[in-house]
1. Taking R0 as 35 Å, what's the FRET efficiency between LEU193 and ALA242 from their Cβ-Cβ distance, rounded to 0.05?
2. Rank these for me by crowding, MET462, MET552, going from fewest to most other beta carbons within 10 Å.
3. How large is ³J(HN,Hα), in whole Hz, for each residue of segment 320-325 in order, when computed from phi with the Karplus curve 6.51 cos²θ - 1.76 cosθ + 1.60 and θ = phi - 60°, using x for Gly and Pro?
4. What residues have an amide H closer than 5 Å to that of LYS129, excluding those fewer than 5 places away on the same chain, when H is modeled at 1.01 Å from N in the peptide plane?
5. Given a Förster distance of 41 Å, report the FRET efficiency between GLN255 and GLN586 from their Cβ-Cβ distance, rounded to the nearest 0.05.
6. With a point put 7 Å past each Cα toward its Cβ, work out how far LYS547 is from SER222 in nm, to one decimal.
7. In whole Hz, what ³J(HN,Hα) sequence does segment 41-51 give by Karplus (6.51, -1.76, 1.60; θ = phi - 60°), x for Gly and Pro?
8. If the label point is 7 Å along Cα→Cβ of VAL135, which residues in segment 168-211 have backbone nitrogen under 20 Å from it?
Amino acid sequence: MSIQVLSPEVVDQIAAGEVVERPAHLVKELVENSIDAGATRVHVEFYDGGRIVKVIDNGKGMSPEDLPKALDRFATSKISKSDDLWSLKTFGFRGEALASISSVSKMTLTTRRAGDEQAYQLISEYGKKQPIDRVGGSQGTTVLMENLFENMPARLKFLKSDAAEHTAIKTTLKAMALAHHDVEFRIQENSKLVNFWPACKDRKERAEQILEIKPLFVGEASREYVKAYAVFADPHNVAKTAKNIWLFAQNRWVQDRSLQAAVNEAYRSLLMHGEYPIAAVWVETDPEYIDVNIHPTKSQVKFHDPSLAFRAVAGALRATLEKAPWIQQSGQLRSQSQFGEAGGTVDYSDPAASYPSAKGLPNFANYSGEAGVPTEMPKENLAFQDSTFKTTQFQKKDFSFPASSVQQPKVGYHALMDAAESREEHSSTEAVAPVSGGYWSSLEVLGQANLTYIVTQHRDKMVFVDQHAAHERVAYEKLMNAWKGGKIDIQDFLFPLAIDMSPEKVEGLLLLAKDIERLGVFIEPLGPGTVGVKAAPLFIKEAVLGKVLDRMATEVVDQGGSYSLERAVGDICATMACHSVVRAGQALSHDQMKNLLREMDHFPLSSFCPHGRPVSVEYPFYKLEKDFGRIV
Ligand code: ADP
Ligand code: MG
């Protein structure tokens with residue numbers, strides 16, 4: 001066969017394979033068009049596994065002259081020159097969605113602008129346009145797509161079951177609704193109304209609507225020119241898959257492994273194996289630092305500096321997670337005796353004042369509003385915390401790790417200290433102010449149950465604390481803090497310890513040798529498949545060093561960046577902590593229990609052990625009263 005230029009129809013059909021891989025994709029394109037047209041209400045109907053889709057909007061509509069052009073390839077009203085690609089304000093810009101969809105379906109476009117006396121309708125069958133008709137219709141645009149892929153039987157076979165395609169459409173619509181909280185969505189599946197999401201005042205409210213969890217918490221962070229905003233559930237509310245991690249870049253729903261890893265990273269040590277966070281995260285950056293045009297479905301983006309995006313996202317979640325707003329109450333921050341008279345204006349000792357609802361969800365009483373952080377904390381108290389933590393940090397020896405007597409530290413403290421300071425994203429974990437606001441120490445210890453649980457009461461509930469999990473968390477945070485503060489002792493090896501691993505991993509590790517040094521591990525090449533360890537932190541036992549490095553190398557090869565190294569350290573610390581603390585089955589004196597609770601006040605995230613198990617379980621008195629039949 002000689003070389004021929006393909007006819008426009010064939011080109012459209014080939015391209016349609018990219019843009020309209022599945023009905024869910026075309027639904028996304030149609031809804032994005034509605035939103036680009038300024039719609040405040042979008043109504044989506046789908047039938048027949050997505051082979052029939054109708055999208056009705058109240059947007060600005062099209063002129064009768066533009067109507068046929070809308071179906072032409074690379075015809076768009078949204079950009080005119082390539083520079084525009086870097087300052088996009090619309091979702092569409094490629095001008096190929098309607099062309100592609102209409103080449104593989106029967107499409108009926110009905111549109112009416114605000115000033116027009118009637119609506120105009122254009123019908124196209126597999127790319128063949130009929131003359132425009134005048135019809136009745138209200139302002140906005142309705143796109144009806146039918147007979148999808150009926151001219152391409154081969155593609156029909158690629159569609160999954162009706163149920164699977166419908167699920168994909170519904171997922172896409174959830175994402176669209178999350179991205180556009182100010183737009184009302186009505187969703188009909190096979191003529192049945194399945195979702196109605198009225199317009200909301202903000203992203204948090206929309207997320208609560210879509211994810212069906214309340215309350216959700218909010219966190220924000222920026223790293224240079226990248227901003228992240230996160231809305232997420234507390235770590236008690238988890239999913240079995242990563243499907244409930246919703247990611248948006250420039251408000252576009254994206255699939256991005258690195259951002260997803262950032263979300264998981266933020267929840268590190270809060271979730272158990274096989275548990276996934278529930279979170280929606282928006283990343284914004286200057287348009288010049290992001291490319292949204294790397295794939296026809298626009299589901300992927302490329303950041304100029306992906307590590308900034310990673311850190312902004314992890315930071316946004318972490319900032320709030322560390323404050324564990326689901327467990328503390330802002331009132332307590334001021335009711336602590338340590339703050340003396342500072343907060344004397346409101347009497348937080350009156351339970352009714354703190355818990356107006358008394359519905360058994362007192363923890364959330366103060367967090368129904370904005371960000372899940374006690375923003376109203378007075379400045380004096382913050383100052384107080386800053387000055388105390390310096391003196392209380394690591395003075396006690398009770399949960400200490402191996403002392404420095406064994407060998408002399410090789411790199412001192414200062415090298416590691418500098419490293420710690422350069423890690424801006426961890427500033428909050430380094431400062432071990434009593435972040436829980438004195439919650440744990442305010443629990444009244446009643447005794448120990450089954451040699452495992454500390455039984456306490458607090459205002460309107462009983463609180464059971466798992467002694468092992470709690471102690472483990474405290475030991476873990478101490479290790480991590482010591483590590484970051486450069487207070488870890490380093491052990492020199494007389495002969496480098498040889499560790500075998502794949503050449504690829506060796507290379508990956510050596511590339512990051514300087515970063516690894518900051519974590520106290522000094523390595524050198526010993527051969528293509530061997531790394532030599534010259535020195536390592538004392539608390540990592542020689543026997544596990546190989547495993548630790550291998551794990552680091554795997555992560556380095558997979559992801560790169562020192563952030564993952566830190567996670568490796570976190571894992572080591574978790575293991576260490578687990579083996580160095582009180583176990584279940586050990587009798588504790590009243591004072592030991594009080595001490596442990598007091599220690600917990602000094603660390604963030606104390607409500608979970610490093611493996612993600614909860615540290616405490618609550619039993620509200622109202623429940624007890626219910627069980628006793630005192631109330632119904
Ligand atoms: P793009 O969105 O990339 O511009 P499309 O093929 O999706 O390309 O749409 C082509 C053009 O049709 C758009 O630029 C817009 O002018 C017009 N259009 C499509 N859908 C709508 C709608 N719902 N309301 C108003 N105009 C629309
Ligand atoms: Mg479009």
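1. Plugging the Cβ-Cβ distance into 1/(1 + (r/R0)^6) gives 0.75.
2. If I rank by nearby Cβ atoms, fewest first, I get MET462, MET552.
3. Along segment 320-325, the couplings run 8, 4, 5, 8, 6, x Hz.
4. Sorted by chain and number, the residues that satisfy this come to none at all.
5. On the way: r = 47 Å, r/R0 = 1.15.
The computed FRET efficiency comes out at 0.30.
6. 4.4 nm
7. With coefficients 6.51, -1.76 and 1.60, one gets 10, 10, 10, 10, 10, 9, 9, 6, x, x, 7 Hz.
8. Hits in segment 168-211 for VAL135 at 20 Å: 188, 190-191.
Readers should treat all values here as calculations from the given coordinates under stated rules, not as data from a laboratory. Note that this is a predicted model, so its numbers are computed, not measured. Here Cβ is always computed from backbone atoms with ideal geometry, including for glycine, and neighbour counts include all displayed protein chains.
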